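J.: Questions regarding the structure given below will be posed in turn.
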Amino acid sequence: MKGSGGFRVAILLAILWKVILPVFIIIALGYLLERWLSLDARPIARVTLYALAPCLVFSSTANSSVSGADIWKIVSFALLTTLVMGLLAWAVTKALRFGRAMESAFLLTTLFINAGNYGLSVNLFAFGQAGLERAAVFFTVSALLTSSVGVYLASRGQASGFEALRNVFRIPIVYGALAGFAVNLAAVTVPEPVIKAVDLVGGASVPLMLLLVGIQLARTSPAGELKVIGLAAFVRLVVAPAVALILADWLGLAGVTRQACITEASMPTAVTTTILAAEFEAKPQFVAGVVFVSTLASVITLTLLLALIM
């Protein structure tokens, strides 16, 4: 038993050292840069959104070895986990009798995850290219949900259905994923200069996305409503992984597909929720606090989760 306990500790330390710490070193660098230089993050974010991330997703999906069956399983898993988490989070808001604004904010922080900046990086470090390819599929679904359902929840009647739909089609990452899948399914050979350029640009997206997480964290704090912030972070980091483990088995996910899906579904709250909350006045300080707390606490929860599923 003693040896078994020591072995488990060794596994946890190895995951923390090889997977989680590299991610947080880059996040910490972004945090320090913001503190020291007060960076204008908008140009960095826009370059990442409109050029780097679409190239990464295109490269991952165009060269993907993920089967059509696995793609549908990943899409189904992403939709189903969001639905189940939505019902659970909604039940919590009703049980605690939250007002409309807090209800929207709580749903935002528990449903929408950092599947891009953080999730893609962790999956790449933990499961290699195969993990990244599967995470890219999950991320595409997550991005669509954030810019449609997320906008609706944040606005709760202030934004029309047409506006929410239009925002979905503004996301270049979606086009990158669709183009990549089309190339993959049609077995089209992309000219070597083009694919090399795309790979090079896409490769820059992971460190920049993590730097952006650090920059955003430097601008937020868990001020006020600490109990509810802690509850939202608990739902996101503890309840969501439990739901993901159950649904992954129910859907028959296996191998790297199972690992990548569960990992993505267990990510902390998406940084983009702070933008939505600020835009539509859905308790922005509360949302920023949950992003901050859940991101920091994910060092522990993700290390334990990866030890469980690897």
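The values are calculated or read from the model by the stated rules, or taken from the named source; none is laboratory data. This one's a predicted model, so the numbers in the text were calculated from it and none came from an experiment. Because the Cβ atoms are built from the backbone with ideal geometry, glycine has one as well, and the counts that use them run over all protein chains shown.
J.: Restricting to region 245-286, name every residue that is surrounded by 24 or more Cβ atoms within 10 Å (Cβ to Cβ), among the small types (Gly, Ala, Ser) and within 23 Å of residue 135 (Cα to Cα).
T.: Residues satisfying the conditions are 260, 265, 266, 270.
J.: How many of the residues in region 181-202 are modelled with pLDDT under 85 and either basic (Lys, Arg) or part of a helix (DSSP H, G or I) (or both)?
T.: 3
Residues are listed down the side, and each one gets a yes or a no for (1) at pLDDT below 95; (2) in a helix (DSSP H, G or I); (3) surrounded by fewer than 20 Cβ atoms within 10 Å (Cβ to Cβ):
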{"position": "213", "(1), (2), (3)": "yes, yes, no"}
{"position": "227", "(1), (2), (3)": "yes, yes, yes"}
{"position": "234", "(1), (2), (3)": "no, yes, yes"}
{"position": "288", "(1), (2), (3)": "yes, yes, no"}
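J.: Cβ-Cβ below 6 Å, separation at least six or inter-chain, first residue in region 75-87 and without any contact (Cβ under 8 Å) to a residue 40 or more places away in the chain and under 17 Å from residue 238 (Cα atoms), second polar (S, T, N, Q) and surrounded by 14 or more Cβ atoms within 10 Å (Cβ to Cβ): which pairs?
T.: As it stands, the answer is none, since no pair meets every condition given.
J.: For residue 308, state whether it is among the hydrophobic types (A, V, I, L, M, F, W, C) and crowded, with 17+ Cβ neighbours inside 10 Å.
T.: Spelling it out, it is not the case that residue 308 is among the hydrophobic types (A, V, I, L, M, F, W, C) and crowded, with 17+ Cβ neighbours inside 10 Å.
J.: Next question. Could you check how many residues of region 1-35 are at pLDDT below 75 and of a type in the set (A, V, I, L, M, F, W, C)?
T.: The number of residues fulfilling the criteria is 2.
J.: Oh, and also: Filter region 257-283 for residues that are over 14 Å from the mean Cα position of the chain (by Cα), in a helix (DSSP H, G or I) and in contact (Cβ under 8 Å) with a residue 60 or more places away in the chain and give the result.
T.: Listed by number, the residues that qualify are 257, 259, 276, 277, 279, 280.
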